[in-house]
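Everything below concerns the one structure shown next.
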Amino acid sequence: MPRFTHPRLEDVPLDLALHALADSNRLAIVARLAAATGLSCSNTTPCDAPVPKSTLSNHLKTLRAAGLIETTQSGREMINVLRRAEFDRRFPGLLDAILANNEV
C-alpha cells in the first residue's frame with residue numbers, strides 16, 4: 001500500500017504554495033475540490049484535468065507537496081481531499097483570493 005507524504009503546513013513556504021497554484025490544471029483541480037464540499041477526486045471520480053494519467057499524478061504530487069491536498073488509499077482507489085481549513089490557517093485568504101480572481 002503506497003504511503004503518501006503530507007507536509008506540515010507550518011513547513012510549507014509561500015513560494016511553494018504559489019507555485020502549486022500557478023498551473024491552470026492544478027488550479028482547476030483545487031477549484032473543483034473547493035467547490036465540492038465533502039467530495040473528493042480519485043481515480044474513479046477524476047479531477048477533470050484534461051491531461052494524461054501520469055501528468056495528473058505529477059500535478060497531484062505537486063499539490064500534496066504544497067500542503068493543498070491529502071491523499072489516502074481506499075482499496076485500489078486514491079482519494080484526494082482539499083486541506084482547506086489547514087491551508088487557510090497557514091495562508092489566510094490566499095485560496096479565496098486566487099479562486100475568486102481566476103476563471104478555471
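Read-outs: derived from the displayed coordinates by stated rules, not from any lab. Everything quoted here is computed from the prediction, not taken from an experiment. Every residue, glycine as well, gets a Cβ built from its backbone with ideal geometry; the counts of neighbours run over all protein chains shown.
What's the extension gain from SER54 to SER74 if we count 0.36 nm per residue and subtract their Cα-Cα distance?
Here the answer is 5.2 nm.
Specify which residue in the list ILE29, ILE98, ILE79 is farthest towards the positive end of the charge dipole of the stretch 9-100, using unit charges on the beta carbon of Lys, Arg (+1) and Asp, Glu (-1), about the Cα centre.
Checked the options; the winner is ILE79.
Where does each of 83-92, 27-36, 61-70, 10-19 land if you order them by average Cβ count within 10 Å, highest first?
The most tightly packed comes first, giving 61-70, 27-36, 83-92, 10-19.
Once both labels are modelled 7 Å past Cα along the beta-carbon direction, what's the ASP23-LEU99 spacing in nm?
With each label placed 7 Å out from Cα toward Cβ, I get 2.0 nm.
For GLU10, project a label point 7 Å along Cα to C-beta. Then give me every residue of the stretch 59-87 with its amide nitrogen under 17 Å of that point.
67, 86-87
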